[in-house]
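The block underneath contains the structure these notes are about, expressed in structure tokens.
The values are calculated or read from the model by the stated rules, or taken from the named source; none is laboratory data. None of these values were measured; they are calculated from a predicted model. FYI the Cβ positions are ideal-geometry reconstructions off the backbone, even for glycines, and counts take in every protein chain you see.
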Amino acid sequence: MHKSPSRRTRPTSSMTVVPPGTPSAMGWAHRDGGLVAAGSGTQCVHAGTLPDPAYGSVTPPIYQTSTFAYMDVLTSAGFEYTRTSNPTRACLEDGIALLEGGCAAVCTSSGMSAALVVLNLLEAGSHVLCPIDCYGGTFRTLEHARRTCGLEVTYLEMADLEAVRAALRPNTRMIWAETPSNPLLRLLDLKALSGIAKSIDALLVVDNSFLSPVFQRPFAWGADLVMHSTSKYLNGHSDVIGGAVVAAREREDLAQRLATLNKTLGTSQSPHDCFLVLRGLKTLHLRMKAHEANAIALAKFLAGHPAVAVVNYPGLSSHPQHTLARRQQLGFGGMLSFELKNSSSVAVSRFLRALRWFTMGESLGGVESLVAQPATMSHASMTPEIRAHAGIRDGLIRLSVGLEDQADLIEDLQQALEQE
């Protein structure tokens, strides 16, 4: 019996059909070479998304497979097992590395697994410097490594460069920089910290989750590694948990070690989640600008409201590190925090309950506005004493400013601040 040709090989009209993987004759086949010099918008739209070489899919497919067939004995098509590498994840890793200006990236199952991969670069007994006001999850992970893996950790005010120099030890191997910090929006001078790190042959690691490569390029200031919780702005839609670590262009040695660690620890991100983050990258430049525009308006409104004691937002000229923000950053971002003059638990709870457009919840960086009380949420793992030393008081409120209409968000804050 004659077997009819499959749908994928049946020519339509005068269309020529070529075997999968045939090199393209079209101009888009040469995009990669020009992306490094392209504008940020062009980079975001096209990073990691060269049409698929099999059938020309404009969006990279989800290679939802655990294993790949060998083409011959000891011969593969470049992928063998998804824990080690996967075409969808490779697209995302290439895209994030391009946007950050690094040589390579690894994508992990969460932001905390990204931190875990970074810390596993260190030998037992190594010393790490970390900001006292770091993210609560980072603090929890460092404390676990200190208790069980022999890591030594010093938490300090890293904006004080003399304090940083005084805290150095012969075994200091890493300086962990979170700038702006979560949740106080304090900044660290990356160029200065890079100089200190290089003077003792230590690594400078920068958590860039708050600003994304659209608003901050840590490699330009001497960072060795940049990490992200891709759950946040890179994905931007509150439907993915993921992380990433990027190595600087001149640190291919670190890139190789990161890839091996991601494979060894089993921390690699699933193909479907990588696909979703790739989708988010395409609008990153537009979303970040819209987040920032709303955040600036809300910060100014809150700063002028009689019920608000202090607003933490580097985009305000009143921020003590506003000049550093203008020099080091390309934008101010969509995160801010503030304290009410009446910071009693009753007043804070009343304010939080009254909000309509701000959803109380963990995480940040999505299209919807979120509100959090760090002391009871993101930083609950810190002891009250450490929170107090860091300046994270019970009355501190953090906003992840979304993409709703600016007037609606301001009106919502206004009515919540007027609750009796």
- Can you pull out the residues in the stretch 349-370 that are in contact with an Asp or Glu (Cβ under 7 Å, 6 or more places away or on another chain) and not basic (Lys, Arg)? 355, 357, 358, 359, 369
- Query: Would it be correct to say that residue 224 is without any contact (Cβ under 8 Å) to a residue 60 or more places away in the chain, under 18 Å from the mean Cα position of the chain (by Cα) and buried (at least 20 other Cβ atoms within 10 Å of the Cβ)?
  - Reply: yes
- Message: Being over 19 Å from residue 233 (Cα atoms) and over 24 Å from the mean Cα position of the chain (by Cα) is the filter here; which residues of the stretch 377-405 pass it?
- Response: 383, 384, 385, 386, 388, 389, 393, 394, 395
- Using the structure shown, decide if residue 47 is among the hydrophobic types (A, V, I, L, M, F, W, C), without any contact (Cβ under 8 Å) to a residue 24 or more places away in the chain and not assigned by TED's automatic domain parsing to the domain that holds residue 225. no
- Message: Quick check on residue 181: is it under 15 Å from the mean Cα position of the chain (by Cα) and either farther than 19 Å from residue 108 by Cβ or in a helix (DSSP H, G or I) (or both)?
- Response: yes
- Item | Pick from the stretch 395-409, criterion in contact with a helix residue (DSSP H, G or I) (Cβ under 6 Å, 6 or more places away or on another chain) and over 15 Å from residue 291 (Cβ atoms), ranking: modelled with the highest pLDDT | 396
- Task: Kindly check whether there is at least one residue in the stretch 157-171 that is without any contact (Cβ under 8 Å) to a residue 40 or more places away in the chain and touching a Ser or Thr at 6+ places or on another chain (Cβ under 7 Å).
- Result: yes
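Being touching an Asp or Glu at 6+ places or on another chain (Cβ under 9 Å), closer than 26 Å to residue 380 by Cβ and modelled with pLDDT of 95 or more: is that true of residue 107 here?
It is false that residue 107 is touching an Asp or Glu at 6+ places or on another chain (Cβ under 9 Å), closer than 26 Å to residue 380 by Cβ and modelled with pLDDT of 95 or more.
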- Message: So, restricting to strands (runs of 3 or more DSSP E) that lie completely within the stretch 322-420, which ones have at least 2 residues that are in contact with a strand residue (DSSP E or B) (Cβ under 8 Å, 6 or more places away or on another chain) and free of Cβ contacts under 8 Å to residues at least 40 places away in the same chain?
- Response: 370-372
- Task: Can you give me the number of residues within the stretch 46-73 that are at pLDDT below 95 and not in a loop (DSSP other than H, G, I, E, B)?
- Result: 2
- Number of the condition not met by residue 34 [criteria: (1) at pLDDT below 80; (2) within 34 Å of the chain's Cα centre (by Cα)]: (1)
- Query: If we keep just the residues of the stretch 235-244 that are farther than 14 Å from residue 94 by Cβ and of a type in the set (A, V, I, L, M, F, W, C), which is surrounded by the fewest Cβ atoms within 10 Å (Cβ to Cβ)?
  - Reply: 241
